[in-house]
Amino acid sequence: MASVEFQNISKSFGAFVAVPDISFQIADGEFICLLGPSGCGKTTSLRMIAGLETPSSGRVMIGGRDVTYLHPKDRGISMVFQDYALYPHMNIADNIAYPLKVRGEQETRRHARAKEVADVLKIGDLLKRLPSQISGGQQQRTSLARALVYPSEVYLFDEPLSNLDAKLRLEARGFLNHLQRDMGMTAVYVTHDQAEAMALATRIAVMDKGRIVQFAPPIEIYRRPATTFVANFVGNPPMNLVPVEVSIGEGALLLRANGLQLAPIALTDVIAKAAKSGRMTLGVRPEHLRIAVAGDQNVVSGELFANENMGPESLVTLERGDNGRVTARIFTDDEIKVGTSVHLAFDARHITLFDDSGARIPAADER
Amino acid sequence: MRKAPNIFMRRTVFSAAATFLGTVFALPLVWFVFAPFNARAELGLAIPSPFTLSNFATVFQNTFAMQALLNSLIQAAGGVVLVGAAATLAAYALSRSPIPGKGAVTYILLLFSSVVSGSAAMVPIFLIISAAGLIDTHLAVILVFAGGLLPTAMFILRDFIDAIPRSYEESAMVAGASPLQAFFDVALPVIRPGIVVVLVWAFVNIWGSFLIPFILLRSDKLMPASVAIYSFYSEAGTPIVTLLAAYSLIYSLPVVALYLFVNWKFGFRFFGGIKS
């Protein structure tokens with residue numbers, strides 16, 4: 001296991017700049033998720049760690065060693081590919097044992113080792129089959145076994161679960177989670193699925209347009225999203241963002257928007273400064289909204305747009321005229337009819353404010 | 001319901017036309033199968049009676065013609081090996097490595113390929129081979145064929161390799177393989193169906209070609225079967241139909257055998273075992 005470091009990495013493909021300039025450090029034993037929409041540069045970054053792309057500038061370090069221009073085989077890494085990349089002409093045993101073969105391991109010994117790993121992953125009875133003769137989930141585990149069959153400094157995952165159906169994905173996610181805690185592996189994991197990132201990562205790097213917007217533990221990303229982009233990307237459904245007009249009166253911040261009733265918010269220097277633009281974005285997570293009762297101070301109102309029953313909870317979406325929609329996760333058995341007006345309440349401590357540029361404004365109780 | 005007779009008529013006419021066309025194409029082939037076994041074969045179609053192998057006996061005694069079959073084999077095999085090896089490596093490089101202007105290179109080569117093996121280039125080819133001192137050698141024939149077929153072979157293979165995900169080789173390299181190991185262990189087996197198609201195509205091309213060996217070779221002992229077939233013409237220039245038919249059948253067998261073998265072994269499929 002080893003650390004990984006990006007020092008001022010940039011990468012262009014012709015005129016297209018995939019990654020303008022990023023630097024980060026990953027400590028030994030961390031499980032890092034690169035999270036972002038497609039085209040945000042996360043896969044390119046992963047491939048630069050693997051050595052499958054060469055940075056246009058900057059340095060890549062693995063375990064304190066400069067590997068920027070090193071061939072992938074000399075980096076001490078293993079990688080799981082999105083399309084699994086199993087060799088179609090080799091059976092499962094040979095597929096898993098291939099990394100040992102190129103390391104000059106004897107056939108009997110490498111097959112014994114392949115069997116060990118395959119047994120752990122519950123594909124031990126498929127060793128004689130060809131990749132085309134096993135299911136997608138089994139193929140995925142084969143490619144995982146191939147990455148685990150030899151000791152590596154860093155394990156790289158390129159959306160390894162995206163080709164699985166929802167149930168298998170959950171199962172594989174749980175297994176990876178267990179594996180990470182078990183082995184203490186250093187891993188870099190690329191995904192566009194925020195739930196996967198939340199479940200697996202010790203830290204998440206949220207990327208947008210080739211830049212890292214926020215690099216923090218999952219709970220921090222969830223509780224204190226650095227920008228509206230992060231707030232809108234993390235969470236299922238993501239955080240509700242409502243543009244509001246702000247002014248200062250009676251030593252407090254007053255927020256105004258159609259269909260919104262808000263108690264004044266205590267002023268801090270930062271809030272006062274951000275309020276000068278006159279505009280902010282109010283963020284409330286769907287799980288922090290509830291059906292309003294008399295006396296609630298923070299209420300958002302609108303007409304019911306959709307009510308999706310998810311079993312234990314319902315996703316209630318209401319439309320605030322032309323001012324966008326707000327979604328709430330509510331635990332209720334009440335039937336609400338589409339078109340009726342709904343009032344949702346939330347606590348002041350669950351409010352996140354973003355300034356004019358989309359950056360989060362620290363709350364009063366933060367330093 | 002009014003349309004039914006109309007469709008019936010159209011189908012009848014179509015079937016009749018198809019049958020007529022099929023017969024026109026089939027008749028020479030039927031002749032080709034029957035005539036070698038007929039001691040009195042002529043250009044007309046006739047069922048052999050009695051059925052005989054005497055034509056083959058005579059052909060097998062013609063040492064020049066038999067040597068020619070071996071020569072054909074040498075030249076075709078040499079050409080196929082050269083085209084196969086060179087086209088695979090070149091196509092792989094053109095597909096995988098970031099060579100600037102590689103697309104243009106491929107298309108220009110393709111454009112010239114028809115020129116190189118075509119009759120228009122015969123004079124310069126003759127002069128070049130002559131200057132190289134290779135006139136009247138197997139090597140001359142092999143080289144000219146290889147040069148002529150390579151561009152098209154590269155083009156076909158490059159397209160084929162382009163369609164194969166790079167992650168195959170990438171996963172091999174990440175797992176510790178050198179580029180050479182990744183090529184031989186992973187890429188080559190995956191590309192193999194494409195290579196086989198190119199090999200068969202090259203073999204058939206060289207095997208059936210007349211002009212190039214006819215011009216580049218002088219001595220009887222080097223002539224391939226396509227040229228030697230003229231030894232079954234009388235001095236007056238009329239074909240000895242019985243022997244010609246028997247020899248033609250023998251001459252065509254390797255191609256048929258090759259096709260059957262490849263079809264059995266590889267099945268002429270382009271893609272195998274790729275899961276997207």
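One table, with the values for the structure above:
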| item | result |
| --- | --- |
| Output for the stretch B:129-160, where each listed residue is closer than 22 Å to B:A68 by Cα and either among the polar types (S, T, N, Q) or surrounded by fewer than 22 Cβ atoms within 10 Å (Cβ to Cβ) (or both) | B:I129, B:L134, B:I135, B:D136, B:T137, B:H138, B:L139, B:L143 |
| Residue list for the stretch A:141-169, filter: in a helix (DSSP H, G or I), hydrophobic (A, V, I, L, M, F, W, C) and facing chain B (nearest Cβ under 9 Å) | A:A147 |
| Count of residues meeting criterion [of a type in the set (S, T, N, Q), over 15 Å from A:R279 (Cα atoms) and either part of a loop (DSSP other than H, G, I, E, B) or without any contact (Cβ under 8 Å) to a residue 60 or more places away in the chain (or both)] in the stretch A:226-266 | 3 |
| When residues of the stretch A:92-112 are limited to those that are without any contact (Cβ under 8 Å) to a residue 40 or more places away in the chain and buried (at least 16 other Cβ atoms within 10 Å of the Cβ), the one nearest to the other protein chains (Cβ to nearest Cβ) | A:V102 |
| Selection within the stretch B:143-182 - farther than 30 Å from B:L216 by Cα, β-branched (V, I, T) and more than 7 Å from chain A (Cβ to nearest Cβ) | B:I161, B:I164 |
| Some residue of the stretch A:69-87 being β-branched (V, I, T), in a helix (DSSP H, G or I) and crowded, with 19+ Cβ neighbours inside 10 Å | no |
| Those helices (runs of 4 or more DSSP H) lying entirely in the stretch B:99-218 with at least 1 residues over 20 Å from the mean Cα position of the chain (by Cα) | B:102-116, B:122-131, B:138-162, B:167-174, B:188-207 |
| Residue within the stretch B:105-114 that is closer than 21 Å to B:W207 by Cβ and at pLDDT 90 or above present | no |
| Given (1) within 9 Å of chain B (Cβ to nearest Cβ); (2) within 26 Å of the chain's Cα centre (by Cα); (3) under 19 Å from B:L180 (Cα atoms), index of the condition A:K73 fails | (2) |
| Some residue of the stretch A:48-67 being within 10 Å of chain B (Cβ to nearest Cβ), assigned to a helix (DSSP H, G or I) and free of Cβ contacts under 8 Å to residues at least 40 places away in the same chain | no |
| Test: A:C40 is assigned to a loop (DSSP other than H, G, I, E, B), surrounded by 15 or more Cβ atoms within 10 Å (Cβ to Cβ) and either in contact with a helix residue (DSSP H, G or I) (Cβ under 6 Å, 6 or more places away or on another chain) or assigned by TED's automatic domain parsing to the domain that holds A:D182 (or both) | yes |
| The stretch A:113-140, residues that are part of a loop (DSSP other than H, G, I, E, B), within 11 Å of chain B (Cβ to nearest Cβ) and of a type outside the set (G, A, S) | A:L130, A:I134 |
| Criterion (without any contact (Cβ under 8 Å) to a residue 40 or more places away in the chain, surrounded by fewer than 17 Cβ atoms within 10 Å (Cβ to Cβ) and aliphatic (A, V, I, L, M)) met by exactly one of A:A216, A:A166 | A:A166 |
| Test: A:R329 is basic (K, R), closer than 26 Å to A:I248 by Cβ and in contact (Cβ under 8 Å) with a residue 60 or more places away in the chain | no |
| Among (1) surrounded by fewer than 20 Cβ atoms within 10 Å (Cβ to Cβ); (2) within 25 Å of A:V230 (Cα to Cα), the one test that A:M280 misses | (1) |
| Wholly enclosed strands (runs of 3 or more DSSP E) of the stretch A:276-347 bearing at least 3 residues β-branched (V, I, T) | A:325-330 |
| Filter pass, A:Q25 being within 28 Å of A:N232 (Cα to Cα), more than 10 Å from chain B (Cβ to nearest Cβ) and assigned to a strand (DSSP E or B) | yes |
| Subset of the stretch A:205-236 [among the acidic types (D, E) and either modelled with pLDDT of 95 or more or over 11 Å from A:P37 (Cα atoms) (or both)] | A:E220 |
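Residue by residue, here is whether (1) part of a loop (DSSP other than H, G, I, E, B); (2) in contact with a Phe, Trp or Tyr (Cβ under 7 Å, 6 or more places away or on another chain) holds:
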| residue | (1), (2) |
| --- | --- |
| B:P5 | no, no |
| B:M9 | no, no |
| B:V13 | no, no |
| B:F20 | no, no |
| B:V24 | no, no |
| B:W31 | no, no |
| B:A41 | yes, no |
| B:L45 | yes, yes |
| B:P48 | yes, yes |
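The values are calculated or read from the model by the stated rules, or taken from the named source; none is laboratory data. Being a predicted model, the structure only gives us computed values, none of them experimental. As a convention, Cβ positions derive from the backbone with ideal geometry for all residues, glycine included, and neighbour counts pool all protein chains shown.
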